[in-house]
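Participant: Here it is, the structure, as structure tokens.
The values are calculated or read from the model by the stated rules, or taken from the named source; none is laboratory data. Nothing here was measured: the structure is a model prediction, and the numbers come from that model. Ideal geometry is used to build each Cβ from the backbone, glycine not excepted, and the neighbour counts take in all protein chains shown.
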Ligand code: BTN
């Protein structure tokens with residue numbers, strides 16, 4: 001199990017210093033980090049837990065963990081970025097996670113657009129972003145990451161990494177994320193390199209209920225998925241994607 005010392009060391013490895021908090025059991029690290037953000041906590045504040053009782057997933061879904069067998073953390077950013085470009089931060093988190101899982105767990109992990117991490121087709125991790133904007137600037141962005149060591153029971157499609165050094169994985173993730181955060185011009189290329197959705201036939205259901213079906217061919221500079229459909233190329237900005245079998 002992680003400790004606050006591990007969280008401080010992970011930040012230090014990434015050249016960062018910020019408040020940390022570790023709870024053995026919490027409702028949700030995302031909930032805690034968002035409350036800290038509202039209360040004025042500084043950038044890179046980091047919250048982690050060994051078990052969540054009300055873990056949050058994308059699209060209002062729950063994130064279920066196997067207690068003590070998942071790495072779960074949320075951290076706070078105060079980016080100098082227009083909100084339209086906020087999606088880049090989840091893509092950056094995806095590529096940083098793929099890289100750190102590959103180097104620490106030694107498995108070939110890839111990102112299913114926009115932010116699921118797959119190993120051999122199973123979902124081992126998910127990324128969630130929550131934010132507050134004021135005018136054309138972010139007040140804060142909170143990135144939440146959940147990585148299964150063991151898959152939680154009863155969650156279709158979930159997979160686990162198996163035994164892995166959680167402190168090392170967290171540190172490698174933060175090193176990689178921080179490096180990309182300081183060089184945002186490289187985010188899309190780094191994401192393209194680990195994105196397993198590219199080249200797949202997909203069905204994307206957008207948040208406004210449209211369906212786009214075709215071959216995923218690129219990620220554009222805003223982080224949208226470009227899908228080649230029978231009616232031509234379409235950019236999908238915010239959607240749930242299914243990889244279709246050919
Ligand atoms: C998803 O795949 O739907 C996103 C899952 C994100 C889960 C992480 S676990 C740490 C942080 N706290 C939460 O409540 N959710 C995120």
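Participant: I'd like to check something: does region 49-71 contain any residue that is under 17 Å from residue 140 (Cα atoms) and touching a strand residue (DSSP E or B) at 6+ places or on another chain (Cβ under 8 Å)?
Facilitator: Checked region 49-71: no residue is under 17 Å from residue 140 (Cα atoms) and touching a strand residue (DSSP E or B) at 6+ places or on another chain (Cβ under 8 Å).
Participant: Any idea which residue in region 52-84 is farthest from the ligand (Cβ to nearest atom), counting only those that are more than 19 Å from residue 35 (Cα to Cα) and in contact with a helix residue (DSSP H, G or I) (Cβ under 8 Å, 6 or more places away or on another chain)?
Facilitator: 81
Participant: Out of the residues in region 33-51 that are free of Cβ contacts under 8 Å to residues at least 40 places away in the same chain and near the ligand (Cβ under 9 Å from one of its atoms), which is nearest to residue 166 (Cα to Cα)?
Facilitator: Top of the filtered list is 49.
Participant: Examine region 210-219 for a residue that is surrounded by 13 or more Cβ atoms within 10 Å (Cβ to Cβ), farther than 23 Å from residue 78 by Cβ, within 18 Å of the chain's Cα centre (by Cα) and at pLDDT 95 or above, and state whether such a residue exists.
Facilitator: Yes: region 210-219 contains one or more residues that are surrounded by 13 or more Cβ atoms within 10 Å (Cβ to Cβ), farther than 23 Å from residue 78 by Cβ, within 18 Å of the chain's Cα centre (by Cα) and at pLDDT 95 or above.
Participant: Oh, and also: Out of all the residues in region 206-244, which are touching a residue at least 12 places away in the same chain (Cβ under 8 Å) and either part of a loop (DSSP other than H, G, I, E, B) or touching a helix residue (DSSP H, G or I) at 6+ places or on another chain (Cβ under 8 Å) (or both)?
Facilitator: Listed by number, the residues that qualify are 207, 218, 219, 220, 221, 222, 223, 224, 230, 237, 238, 240.
Participant: Filtering region 57-116 down to residues that are free of Cβ contacts under 8 Å to residues at least 24 places away in the same chain and within 24 Å of residue 218 (Cβ to Cβ), which residue is surrounded by the most Cβ atoms within 10 Å (Cβ to Cβ)?
Facilitator: Checking each candidate, the answer is 116.
Participant: Would you mind finding the one in 130, 180 that is out of contact with any strand residue (DSSP E or B) (no Cβ under 8 Å at 6 or more places or on another chain), in contact (Cβ under 8 Å) with a residue 12 or more places away in the chain and either in a loop (DSSP other than H, G, I, E, B) or closer than 22 Å to residue 237 by Cβ (or both)?
Facilitator: Among 130, 180, only 180 is out of contact with any strand residue (DSSP E or B) (no Cβ under 8 Å at 6 or more places or on another chain), in contact (Cβ under 8 Å) with a residue 12 or more places away in the chain and either in a loop (DSSP other than H, G, I, E, B) or closer than 22 Å to residue 237 by Cβ (or both).
Participant: Based on this model, can you work out whether residue 203 counts as in contact with a strand residue (DSSP E or B) (Cβ under 6 Å, 6 or more places away or on another chain), in contact (Cβ under 8 Å) with a residue 24 or more places away in the chain and outside any strand (DSSP E or B)?
Facilitator: For residue 203, the condition - in contact with a strand residue (DSSP E or B) (Cβ under 6 Å, 6 or more places away or on another chain), in contact (Cβ under 8 Å) with a residue 24 or more places away in the chain and outside any strand (DSSP E or B) - is not met.
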